[in-house]
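Coordinate-derived values only; no laboratory data. This is a predicted model, so every value here is computed, not measured. Here the Cβ positions follow ideal geometry from the backbone for every residue, glycine too, while neighbour counts run over all protein chains shown.
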Amino acid sequence: MSQYLDILKNAISNPHNLFILILGISFAFLLLFDLITTKKFPFIGSILFLIIISFSAIYAFKPTLIPSVIIDFLTKRYQTVKMAVTVWMGYFLVIAGVCYVVKVLGIKRRNAQFVKRLSYLPVELLWVVNRKGRMTFEKKSTETLALSNRKVKKITVNDEEIARHKLFKHLNNLEDVTNIEIKVFNKNNEVREIDLIKRNIYDKHNYYNGYILYLNKEQESQPTSVTVYEIIHPIKIDIINSFDEPIAYVDLVKKTIYLNDQMQELLETKDNVISEDEFVKYIVFEDIKFYQQDQPFKNIFRMNVKKQIIWFEGTKDPDHREMIIRRTSVINYRNKLKVKNHNDLENDIRKLLHENKEFGLITISFVNIIEKAKIPNHDANTLVNSIMSQYFKNLLEGYLRDSVTVYQLGNIEFGLLVNNPTTFDILTKEIVEGVEHFRKTVYTINNITIEVDLALGVVSSKGVENLPAEDIITASYEVLLQATDPNYPNNYSIYYPQTQTVKEYRLEDFDIDLSESFLEKFKLDDE
């Protein structure tokens, strides 16, 4: 033992050797930590350690197997082979450690890019699992399931108990497009539930690569088939083909466009991979600069496809290395809303009056939208449509969706029929308090910000129950017209029904005499 200590002492007496050994020992702990956390041997580190250990073992038990040339080289430089082994162990540790650090940093960078790409999917993604049942992505919010908590008593998948460490492998065996109900029981018999949907991931050769899990709830755009090319490999992703709408993935570094089936059909191309120059030919000439501009917002531009002009939006990642192009979700949002007309509003109000239900009618005017939409190289009519569509898209998210119906009453005038009295009271309060989304709407297109002023008229069914539907709508027009007056102090006006007062009239006021003497006069005349 003392002999080895002397060798080590002599080795570290040289500052160069001491530095190498300290670095080596430090990296040895990193490699050990990597082994503990990943449950896998680092490949490069394992190879280097195998080399040095094998050499040491051969020298200890069968030194004759080592060529004399190597022995002479080591003894000449390091005095003894043992000292050489000690120093070279430090070198190997340093090399292995550097490789480990490079690997960790590379994985971290690629995972960050991977998460960005996952954000393009129109669902709240929770897990991505590869074909071996290993999780490659996990959203932090999934910690609420306490899957890593040692106090977990059991886990059930669709009422079938599954061991915690076999959960993802078990899900791997389930069919595609599967509804999954996971329940986590702790030792206090408390239960946490989560409803998920599983969809498989295939590469471009239809080879199974794993699956994704996302929350089973109503989404604005549910994917009907998940064919994510190389999504498990975060270094490169050819195309996201996850939901039924035209999608293009742009590699801005290689200037290559990858098209999904819908986009390929829309552009009528034979290949699903085209050059950026070829793709730009489809873009309206005046809008090419919007596609190419370098800015953090969405690039919105028009494309000539199938003898029609369609609006698209491109979303770049912060590093400007890639971009996802899809049909603009806002431009045609009014079609999704199924906006009704004036006659529909009359019929719906009549129905509510007949059923004696309380309601509220809010009329909205985009006061200066025509003027604001006059931007060079942009179609004003399309911009007007887009601004109003985005406004209703943002306004009707959440609890308003099921209690508000939209009606177009003019070019820039709309009506909101609110069939829930509580919701109507909340909206009226927000209007009076001047909440921003009832004062103006802000729209950004190609780094240009447009602010449009709003005017609102408010009519409550309380007090107008006896009025016909036509008069209620007329009343809403009157208060809206008042709110659009630039001299009016507010951007809103509330309709208050006029109360009819009964005035008591006296006959004396009309010089009518009904006294006894007056009546006696008529009797005398008759005689």
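Under a 5 Å amide H to amide H cut-off, with H placed in plane at 1.01 Å, what residues pair with Ile194 once short-range neighbours are removed?
Ile182
Counting only Cα, what are the radius of gyration and maximum Cα-Cα distance Dmax of region 334-494, in Å?
Cα only, region 334-494: 15.7, 51 Å (Rg, Dmax).
Please give the peptides 280-286, 410-416 ranked by average Cβ packing (other Cβ atoms within 10 Å per residue), highest first, as a rough proxy for protection.
The packing order, highest mean first, is 410-416, 280-286.
Report, by chain and number, residues whose modeled amide H sits under 5 Å from the one on Ile450, excluding near sequence neighbours (fewer than 5 apart, same chain).
Excluding prolines and chain starts, which carry no amide H, the hits are Tyr443, Thr444, Ile445.
With Rg and the Kirkwood Rh both taken from Cα atoms, where does Rg over Rh land for region 347-423?
1.08
Could you give the dipole magnitude of region 334-494 about its Cα centre, charging the beta-carbon of Lys and Arg +1 and that of Asp and Glu -1, in debye to the nearest 20? List each step's numbers first, then the result.
Numbers: 15 positive and 21 negative charges, 100 e Å.
Using Cβ point charges on Lys, Arg, Asp and Glu, region 334-494 gives about 480 debye.
Please list 3J(HN,Hα) in residue order for region 476-488, calculated via the Karplus relation 6.51 cos²θ - 1.76 cosθ + 1.60 where θ = phi - 60°; whole Hz, with x for glycine and proline.
5, 5, 5, 6, 5, 4, 5, 5, 7, 5, x, 8, 6
Can you list the residues, at least 5 places off or on another chain, whose amide H is less than 5 Å from the amide H of Gly210, using H built in the peptide plane?
Arg131, Ile201
Please list 3J(HN,Hα) in residue order for region 155-167, calculated via the Karplus relation 6.51 cos²θ - 1.76 cosθ + 1.60 where θ = phi - 60°; whole Hz, with x for glycine and proline.
10, 10, 10, 6, 6, 10, 6, 10, 5, 4, 6, 10, 4
If N is the number of residues in region 245-328, what value comes out of its Cα radius of gyration divided by 2.2 N^0.38 Å?
For region 245-328, the normalised Cα radius of gyration is 0.98.
May I ask you to evaluate 6.51 cos²θ - 1.76 cosθ + 1.60, the Karplus curve with θ = phi - 60°, for each residue of region 435-441 and list the ³J(HN,Hα) values in order in whole Hz, giving x for glycine and proline?
4, 4, 6, 10, 10, 7, 10
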